[in-house]
Amino acid sequence: MAVWQLLGFVTNEKPSAIFKISGLKSGKGSQHPFGAMNIPQTPSVAQIGISVELLEHLAQQTPVASAAVSSVDSFTQFTQKMLDSFYNFASSFAVTQAQMTPNPSEAFIPANVVLKWYENFQRRLAQNPFFWKT
């Protein structure tokens, strides 16, 4: 049996909206991209429903909190997505020490060094989103 969660609504005054469903499953995944390095990703399935309601009825309903519009500015969101993309790209080339073959023309960077850089960048971004301009 499906469990329906109200994400939001559209009206003539608000004819479009974007509803995020990625955070609706509690207890799954990790906010930290390095936290689930060895856990295989499983696909998620969502079923979207549309209900036509009176405006008076909509005013009495409250959307789930995890579907709320993010208060993070677009630059911070872009930076977070860029960092996640960088890590995913770099980790796709990961090999164990046993798999390494000596090659003097290649340099290897330990994953913990990338993790330390990521955490420092996140900390600095949280303190001042425009630190990179100085």
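Just so it is clear, none of the values below were taken in a lab; they were calculated from the coordinates. Remember, predicted model here, so these are calculated numbers, not experimental data. All Cβ positions, even for glycine, are placed from backbone atoms using ideal geometry, and neighbour counts span all protein chains on display.
What order, most packed first, do the peptides 88-97, 120-129 have when packing is the mean number of other Cβ atoms within 10 Å of each residue?
The packing order, highest mean first, is 120-129, 88-97.
Calculate, in nm to one decimal, what Q60 and M82 gain on full extension: separation in residues at 0.36 nm each, minus their alpha carbon distance.
The span from Q60 to M82 would gain 4.0 nm if fully extended.
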